[in-house]
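S.K.: The structure that follows is given in the form of structure tokens.
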Amino acid sequence: MERKDGRACNAPRAHRFIPNFVSTAAGSCLIETGGTRVICTASVEEGVPPFLRGKGCGWLTAEYAMLPASTGRRKQRDGLKKDGRGVEISRLIGRALRQAVDRERLGERTITIDCDVLEADGGTRTAAITGGFVALVGAIDRLIREGKLRESPIIHQIAAISAGVVEGTPCLDLCYTEDSSADTDMNFVMNEQGEFIELQGTGEGCAFSRDKLNTLLDLGESGCRALMQAQREALGDAAALIAPKQKLILASNNAHKIQELSAMLGGRYDVLSMRDAGFTDEIIEDGETFEENARIKAEAVMRATGYLTLADDSGLSVDALGGAPGVHSARYAGDQHSDADNNALLMKNMENVPDEARTARFVSCIAIASPFKPTQIVRGECPGRITRAPRGSGTFGYDPYFEYENGLTFAEMEGEAKNAVSHRARAMQEALKLL
């Protein structure tokens, strides 16, 4: 089939993005897709709707309207009674763009995306979503520049496009004349991972086959990827705000602990130590439990840096010693003493304890402190027993004297094997469910 504008069936219309088109908006974009032109603006308000107050997350909503002259024949403005089509499209845009944002990291504020159609030549809803995403990035950029956010909460890039079956032929990005006569009309909303956020498809003229559907899906994906590339080019430096790794501060300067925790996080975050994050203050760990000390450390670093912070407080709890060394594990023999001194004191205190009573456990409590919600704490324990002599080449803490249920001390176990069963690994398994 020959298309009205001479395009190939798999070619999108010419598109153009003009970011910051409206100087008074927090973020804005004029998107032109063929003969369709839509102004998208993003407005930011502190606070959220009543149903979200106090829940530690933000909100994103959208409104869509066609200006009176957008179709050539004057369209009545919305009055008290909203245009049903406009309401449906507004909800679609809101649903789609909420997928772009981690609303917890947005904080208790509302972003409204307003999409006003200047000229309509098909695909206005998909253009509104695609241009609305660019406006959203602009609003986040401003919030960061104003110091209201430390980092971008955008977790996905979003774009949308139409496709349909016209005169029996699957075609991408329908203009109005194609759309109005199409046998099948579909809209695709996708993220950068190739996942579908929304599919709208109707066999208006006739039913369509699975083969036709598969072809339309391929067209929709290729069109969305082309639009995403154009979005990034239009955004320039601001494109770096799209799905960056979130910073996670580990409230420790202990290289061994940081290495263990970083490995367990598996590259999900941009991990920094306290020192790397610029935190050099002394933290007074005066809690009576592992939970209390983990909270103290995590919240102190989070307040100072403004970033998500993870703190681990861990130690050895020996049953025969009433839970000692416990929270004093690192300084059991005194503040200025070494691991060797701590182990020597442990052996002295355990000298007369029979083998059957030498049970112990390593304990790890992890606190996750966020600027946007209450601190969460999890606990992990690894059972074992205290040996009478050190075994293994590892010399970290009490590892040479702690025998796991497999008969090996932690110092005898390879790092990967230890990390799979350790108290810290067990606590981290629970922490990852919260992160």
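The values are calculated or read from the model by the stated rules, or taken from the named source; none is laboratory data. If you're wondering where the values come from, they're calculated on a predicted model, not measured in any experiment. Heads up, the Cβs are rebuilt from the backbone with ideal geometry, glycines too, and the neighbour counts pull from every protein chain shown. Quick note on the areas: whole protein, heavy atoms, side chains included, nothing else; ligands and nucleic acids left out. Shrake-Rupley method; radii C 1.70, N 1.55, O 1.52, S 1.80 Å.
S.K.: Per 0.36 nm of contour for each residue apart, how much would the distance between Glu416 and Gln259 grow if the chain were fully extended, relative to their Cα-Cα spacing?
M.R.: Result for the pair: 55.4 nm of gain on full extension.
S.K.: Note the angle between two axes, namely the Cα long axis of helix 124-145 and the longest principal axis of the Cα atoms of the chain, as a number of degrees from 0 to 90, rounded to the nearest 10.
M.R.: 40 degrees
S.K.: Please sort 343-352, 185-194 by packing, taking for each peptide the average over its residues of neighbouring beta carbons within 10 angstrom, highest first.
M.R.: Packing order, densest peptide first, comes out as 185-194, 343-352.
S.K.: Still on this structure, please answer the following. If you fit an axis through the alpha-carbon atoms of helix 255-265 and take the longest principal axis of the Cα set of the chain, what angle between them do you get, 0 to 90°, nearest 10?
M.R.: Result, in degrees: 40.
S.K.: What is the percent carbon and sulfur in the accessible area of the stretch 25-147, measuring with a 1.4 Å probe over the protein chains and ignoring ligands?
M.R.: That fraction is 47 percent.
S.K.: Please give the contour-minus-distance gain from Leu435 to Glu198: 0.36 nm per residue of separation, less the Cα-Cα distance, rounded to one decimal in nm.
M.R.: 82.7 nm
S.K.: What's the whole-number percent of alpha carbon pairs in the stretch 118-259 lying beyond 18 angstrom?
M.R.: 62 percent
S.K.: Quick one: putting +1 on the C-beta of Lys and Arg, -1 on the C-beta of Asp and Glu, what dipole do you get for the stretch 8-85 around its Cα centre, in Debye to the nearest 20?
M.R.: Dipole size: approximately 400 debye.
S.K.: Also, quick follow-up: Any chance you could give the angle, 0 to 90 degrees and rounded to 10, that helix 290-305 forms with the longest Cα principal axis of the chain?
M.R.: 50 degrees
S.K.: Compute the semi-axes of the equivalent ellipsoid of the stretch 193-344, taking the square root of 5 times each eigenvalue of the Cα gyration tensor, and list them largest first in whole Å.
M.R.: Ellipsoid semi-axes (Å, largest first): 53, 20, 13.
S.K.: Tell me the net charge near Met228. Cut-off is 11 Å between Cβ atoms, Met228 excluded, with +1 for each Lys or Arg and -1 for each Asp or Glu.
M.R.: Surrounding charge for Met228 is -1.
S.K.: Let me ask another. Keeping all protein chains in place, calculate the accessible area per residue for the chain (probe 1.4 angstrom), answer in Å².
M.R.: With the other protein chains kept in place, the chain gives 46 Å² per residue.
S.K.: Which one, Pro50, Val117, Gly138, projects farthest toward the positive side of the charge dipole computed for the stretch 1-139 from Cβ point charges (K/R +1, D/E -1)?
M.R.: Val117
S.K.: Considering only protein heavy atoms, with the full assembly of protein chains and a 1.4 angstrom probe, order Thr177, Thr24, Thr124 by accessible area, largest first.
M.R.: Highest to lowest solvent-accessible surface, that is Thr24, Thr177, Thr124.
S.K.: Next up: Taking the Cβ of Ser70 as the center, what net charge do the other residues with Cβ under 12 Å away carry, scoring Lys and Arg +1 and Asp and Glu -1?
M.R.: Taking every Cβ under 12 Å from that of Ser70, the sum is +2.
S.K.: Just going by the charge dipole of the chain, with Lys and Arg at +1 and Asp and Glu at -1 on Cβ, which of Ala420, Thr61, Gly220 is farthest out on the positive end?
M.R.: Looking along the dipole axis, the top candidate is Thr61.
S.K.: Further, regarding this structure: Can you give me the relative contact order of the stretch 1-69 as a percent, contacts being Cα pairs under 8 Å and 6 or more apart?
M.R.: Relative contact order here is 18 percent.
S.K.: Using the Cα centre of the chain as origin and beta-carbon charges of +1 (Lys, Arg) and -1 (Asp, Glu), tell me which of Tyr404, Ala330, Ala160 is placed farthest towards the positive end of the dipole.
M.R.: Farthest towards the positive pole: Ala160.
S.K.: Label-point separation (nm) for Asn20 and Cys206, each offset 7 Å from Cα along Cα-to-Cβ?
M.R.: Modelled inter-label distance: 5.2 nm.
S.K.: Could you size up the charge dipole of the stretch 118-254 around its Cα centre, putting +1 on the beta carbon of Lys and Arg and -1 on that of Asp and Glu, and report it in debye to the nearest 20?
M.R.: 960 debye
S.K.: Lys and Arg at +1, Asp and Glu at -1: add these up for the other residues within a Cβ distance under 15 Å of Arg295 and post the number.
M.R.: Its environment carries a net charge of -4.
S.K.: Carbon and sulfur together cover what percent of the accessible area of the stretch 184-271 at a 1.4 Å probe radius?
M.R.: For the stretch 184-271, the apolar C and S fraction of the accessible surface comes to 46 percent.
S.K.: Output needed: percent of Cα pairs per 10 Å distance bin for the chain, bins running from 0 to the one holding the longest distance.
M.R.: 4, 18, 22, 16, 13, 12, 8, 5, 1, 0
S.K.: What is the set of long-range amide H partners of Thr36 at a cut-off below 5 Å, with H atoms built 1.01 Å from backbone N?
M.R.: For Thr36, the qualifying residues are Asp121.
S.K.: Take every Cα pair under 8 Å in the stretch 188-309 that's 6+ residues apart, average their separations, divide by the length, and report that relative contact order as a whole percent.
M.R.: Answer for the stretch 188-309 is 20 percent.
S.K.: Quote the charge dipole size of the chain about the Cα centre in Debye, to the nearest 20; the model charges only the Cβ of Lys and Arg (+1) and of Asp and Glu (-1).
M.R.: Taking the Cα centre of the chain as origin, the dipole is about 1100 debye.
S.K.: Quickly estimate the mean residue ellipticity at 222 nm for the chain, helices only: each DSSP H run with n ≥ 4 gives -39500 (n - 2.57), and the total goes over all residues, rounded to 500.
M.R.: Only helices count here, giving -9500 deg cm²/dmol.
S.K.: Karplus couplings for the stretch 373-390 from phi (6.51 cos²θ - 1.76 cosθ + 1.60, θ = phi - 60°), rounded to Hz, Gly and Pro as x?
M.R.: 7, x, 5, 10, 10, 10, 9, x, 10, 10, x, x, 8, 9, 7, 9, 8, x
S.K.: Obtain the nm distance between the two label points defined at Asn406 and Asn214 by a simple spin-label model: each point lies 7 Å from its Cα along the Cα-to-C-beta direction.
M.R.: 4.6 nm
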